[in-house]
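Working notes, beginning with the structure itself.
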Amino acid sequence: MKIITIIGARPQFIKAAPVSRVLREHVEELIIHTGQHYDANMSDIFFEELNIPKPDFQLGIGSGSHGKQTGEMLSGIEEILLKEKPDYVLVYGDTNSTLAGSLAASKLHIPIIHIEAGLRSFNKKMPEEVNRILTDHISEYLFCPTDTAVENLQNENITTNVINVGDVMYDAVLYNRELANEKSEIIQQLEIVDKDYHLITIHRAENTDDPERIKNILEALNEIDTLKVWPIHPRTKNVLKSMGYNLEDIHNLKVIEPVGYLDMLTLESQAKKIITDSGGVQKEAYFMRVPCVTVRDQTEWVETLQYDANILTGTDKQKILEAVAKETTPEYLNVFGDGHAAEKILDIINK
């Protein structure tokens with residue numbers, strides 16, 4: 001059996017790693033990297049340290065408008081599929097790479113495996129939401145991370161080959177947390193103290209590109225006394241600079257360069273709280289039992305909102321401050337599986 005996996009960004013490689021490890025013991029897998037997101041951290045050492053297979057095909061599409069980017073991916077992926085003739089195409093999540101891979105496979109009548117199927121924010125202004133919905137409706141196998149995702153698909157009359165296998169990201173975090181404990185020295189390098197800082201990750205365009213929303217977030221951060229550590233993406237840094245913001249003016253904020261995945265896991269696990277607009281970081285916080293404040297209006301990971309493990313605030317300054325100050329003792333439920341989603345996926349594909 002031959003499977004072609006299509007991914008386009010570093011987080012998708014991390015999710016794919018546990019699945020690829022088990023797949024490659026039994027089937028032939030080839031990986032297409034569309035190059036949707038350029039990431040300087042994806043050097044050889046990235047693949048070696050995390051035991052991740054390197055891509056077999058690099059499309060190098062890069063950034064661009066949604067239509068241009070998706071169209072170029074569609075063309076490049078189709079060419080490879082025609083040559084390789086896989087039995088299945090496997091896609092992850094909700095990026096433009098996910099949609100392009102699914103469309104290319106569907107047009108060639110190649111069955112699609114969608115991992116992380118069934119997520120819904122119910123906000124179609126988000127391009128990710130459109131990508132999820134379209135991919136789910138043309139997939140042959142839909143591997144869901146939670147019961148909520150299964151229910152979302154049932155509500156759209158998608159019931160065939162829908163299976164809750166748990167979250168492959170949980171598999172990845174369990175595996176990589178051990179590596180982080182062995183290899184990461186970021187806490188010592190930054191000279192910070194465990195559980196004595198808030199970790200900040202703000203990158204979504206809906207926040208960084210909206211002057212009112214980013215103003216509210218920055219004003220809230222300025223009023224939080226606790227040390228705040230922000231590994232800031234260059235794009236976010238440049239956007240804020242163009243708006244006239246000087247992050248050095250924010251009280252008790254330590255801005256650092258982007259960090260690798262193992263260092264990020266360590267910063268997340270040792271934070272007092274995490275303030276984020278990232279879907280992946282919300283889940284990683286939940287997996288590592290660190291309280292989270294999400295500065296978004298909706299989240300696709302509604303399970304994390306139970307028992308104040310994750311508090312959704314939007315960008316209302318007062319709500320952010322209240323959520324950060326709130327003393328919580330969350331109960332973390334076993335809603336994302338047992339850390340063996342990859343093995344379950346392989347079993348089902350083999351059958």
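Restricting the stretch 242-267 to residues that are open to solvent by less than 50 Å² (accessible area, probe 1.4 Å) and within 16 Å of Val324 (Cβ to Cβ), the residue that is nearest to the chain's Cα centre (by Cα) is Leu253.
Do we find a residue being farther than 13 Å from Phe13 by Cβ, in a helix (DSSP H, G or I) and among the aliphatic types (A, V, I, L, M) anywhere in the stretch 44-51? Yes, some residue in the stretch 44-51 is farther than 13 Å from Phe13 by Cβ, in a helix (DSSP H, G or I) and among the aliphatic types (A, V, I, L, M). Which members of the stretch 115-134 meet the condition of being crowded, with 18+ Cβ neighbours inside 10 Å and closer than 16 Å to Thr34 by Cβ? Across the stretch 115-134, the qualifying residues are Glu128, Asn131. Residues that are surrounded by 14 or more Cβ atoms within 10 Å (Cβ to Cβ), assigned to a loop (DSSP other than H, G, I, E, B) and more than 22 Å from the chain's Cα centre (by Cα): does the stretch 158-177 have at least one? Among the residues of the stretch 158-177, at least one is surrounded by 14 or more Cβ atoms within 10 Å (Cβ to Cβ), assigned to a loop (DSSP other than H, G, I, E, B) and more than 22 Å from the chain's Cα centre (by Cα), which makes the answer yes. Taking the numbered list (1) touching an Asp or Glu at 6+ places or on another chain (Cβ under 9 Å); (2) at pLDDT below 95; (3) of a type in the set (Lys, Arg) in turn, Arg296 passes all entries but (2). Can you spot a residue in the stretch 135-143 that is open to solvent by less than 10 Å² (accessible area, probe 1.4 Å) and in a strand (DSSP E or B)? Yes, that holds for at least one residue. Just to verify a result, which residue in the stretch 49-93, among those that are acidic (Asp, Glu) and either in contact with a His (Cβ under 7 Å, 6 or more places away or on another chain) or without any contact (Cβ under 8 Å) to a residue 60 or more places away in the chain (or both), is surrounded by the most Cβ atoms within 10 Å (Cβ to Cβ)? Per the stated criteria, the residue is Glu72. Within the stretch 94-111, take every residue that is touching a Leu at 6+ places or on another chain (Cβ under 8 Å) and not small (Gly, Ala, Ser) and give me the one that is surrounded by the most Cβ atoms within 10 Å (Cβ to Cβ). Only one residue tops the list, namely Asp94. Among the residues of the stretch 109-125, at least one is part of a loop (DSSP other than H, G, I, E, B), touching a Cys at 6+ places or on another chain (Cβ under 6 Å), closer than 26 Å to Asn155 by Cα and at pLDDT 95 or above.
Of note, Asp44 satisfies the criterion of being open to solvent by 30 Å² or more (accessible area, probe 1.4 Å), under 26 Å from Ile232 (Cβ atoms) and of a type outside the set (A, V, I, L, M, F, W, C). When residues in the stretch 219-232 are screened for being out of contact with any Leu (no Cβ under 8 Å at 6 or more places or on another chain) and either within 10 Å of Lys317 (Cα to Cα) or open to solvent by less than 30 Å² (accessible area, probe 1.4 Å) (or both), 1 of them pass. Considering (1) within 24 Å of Pro111 (Cβ to Cβ); (2) touching a helix residue (DSSP H, G or I) at 6+ places or on another chain (Cβ under 7 Å), the lone condition that Asn157 does not fulfil carries the number (2).
Across the stretch 22-36, the qualifying residues are those that are surrounded by 19 or more Cβ atoms within 10 Å (Cβ to Cβ) and farther than 13 Å from Asn350 by Cα, and the one among them that is modelled with the lowest pLDDT is Gln36.
Checking each residue in the stretch 183-217 for being more than 15 Å from Lys237 (Cα to Cα), among the hydrophobic types (A, V, I, L, M, F, W, C) and loosely packed, with under 14 Cβ neighbours inside 10 Å picks out only Val193. Answer yes or no as to whether Asp249 is of a type in the set (D, E, K, R), farther than 30 Å from Glu48 by Cα and touching a residue at least 24 places away in the same chain (Cβ under 8 Å). Spelling it out, Asp249 is indeed of a type in the set (D, E, K, R), farther than 30 Å from Glu48 by Cα and touching a residue at least 24 places away in the same chain (Cβ under 8 Å). Among the numbered criteria (1) assigned to a loop (DSSP other than H, G, I, E, B); (2) over 19 Å from the mean Cα position of the chain (by Cα); (3) surrounded by 14 or more Cβ atoms within 10 Å (Cβ to Cβ), which single criterion is violated by Val239? That leaves (1) as the condition not met. Every condition in (1) open to solvent by less than 20 Å² (accessible area, probe 1.4 Å); (2) in a loop (DSSP other than H, G, I, E, B); (3) closer than 30 Å to Pro234 by Cα is met by Ala180 except one, and the failing one is (2).
The values are calculated or read from the model by the stated rules, or taken from the named source; none is laboratory data. None of the values given here were measured: they were computed from a predicted structure. Because the Cβ atoms are built from the backbone with ideal geometry, glycine has one as well, and the counts that use them run over all protein chains shown. The accessibility values were calculated without ligands, DNA or RNA, using every heavy atom of the protein model including side chains. Shrake-Rupley method; radii C 1.70, N 1.55, O 1.52, S 1.80 Å.
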